[in-house]
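Shown next, in structure tokens, is the structure this report addresses.
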Amino acid sequence: MAITNATDQSFTSDVESGVVLVDFWAPWCGPCKMIAPVLEDLDTEIGDKVKIVKVDVDENQETAGKYGVMSIPTLFVFKDGEVVDKVVGFQPKEALAELLNKHA
């Protein structure tokens, strides 16, 4: 599966089914740029089990506000539309894979 870019309008439908990793990020954020290739690798490896969605906090402030995103990158794990986990800051691929495997 390809990584999806969600908007305030599409967010609910983007996370409503299955396990979804949501990356709240911004183009000017250094750690966000560092985590992008990690997410691409994860998508290649476990994209059949987990959907990855990116939300630009500058363009989608309503969604970022709803989930209380104060610093970026913040990554949420949704399962069937409900938040089941959250991590803040850069995470190595192994840590994210472990986090996702708990819920997949």
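Look at region 91-104: where a residue is under 21 Å from residue 71 (Cβ atoms) and a partner is among the acidic types (Asp, Glu), sitting 6+ places away or on another chain with Cβ atoms under 7 Å, you get 93/41; 99/85. The number of residues in region 40-60 that are out of contact with any helix residue (DSSP H, G or I) (no Cβ under 7 Å at 6 or more places or on another chain) and free of Cβ contacts under 8 Å to residues at least 40 places away in the same chain comes to 3.
Give 16, 40 a once-over and let me know the one that is under 16 Å from residue 82 (Cα atoms) and not hydrophobic (A, V, I, L, M, F, W, C). Matching residue, one of 16, 40: 16.
A short reminder: the numbers here are calculations on the coordinates, not readings from a lab. These numbers were taken from a predicted model, which means no experiment stands behind them. When we count neighbours, we look across all protein chains shown, and the Cβ atoms used for this are built from the backbone with ideal geometry, even at glycine.
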